[in-house]
Amino acid sequence: MKKMLVCVVLSLSLFLTSCGAPKDVPPQTFELSVTSPAAPTQKVEVALGAELTLRITTPVDDAVHVHGYEIEKDLPAGQPTDIVFVANMAGSYEVESHITDAVWLTLVVS
């Protein structure tokens, strides 16, 4: 009886682990060159579980905020700056300037 219970628990835990794990997805990179005035908001589709690199270049010193993931980073003028994270939460998330409040991107993770 004890062996059977152990087998059931192990089988169930393996099943649950495999159900929630995202498939292997390749990393994604998106390059954004911010303009002044800001261009219309872009929509970027990202695979759930992908490592995402946002490479952002701004014409003036700025700061970026990735909503939902709560990532903030200073952006020196004219220097491409990488923000790297795993897109592990499905949904739509704004990427905006914390200086001008312009929304540069909408990330759609699915």
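Rule-based calculations on the coordinates, nothing more; no lab input. This one's a predicted model, so the numbers in the text were calculated from it and none came from an experiment. Methodologically, a virtual Cβ is constructed for each residue, glycine included, from the backbone with ideal geometry; neighbour enumeration extends over all protein chains shown.
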message: Can you say what percent of the DSSP beta bridges in the range 23-109, counting only those with both residues inside, are antiparallel? Round to 5.
response: 65
- prompt: Are there chymotrypsin sites (Phe, Trp or Tyr not before Pro) in the range 47-110 that DSSP marks as loop and that have at most 12 other Cβ atoms within 10 Å, and which are they?
  reply: none
- request: Could you work out how far apart the two model spin labels at Thr100 and Leu48 are, taking each label as a point 7 Å from the Cα in the direction of the beta carbon, and quote it in nm?
  value: 3.4
task: Considering the options Val25, Ala77, Ala102, tell which one lies farthest towards the positive end of the dipole of the range 23-109, charges being +1 on Lys and Arg and -1 on Asp and Glu at the Cβ, about the Cα centre.
output: Val25
- prompt: Which shape class applies to the range 23-109: rounded if a/c is under 1.5, otherwise prolate when a/b exceeds b/c and oblate if not, where a ≥ b ≥ c are the square roots of the Cα gyration tensor eigenvalues?
  reply: prolate
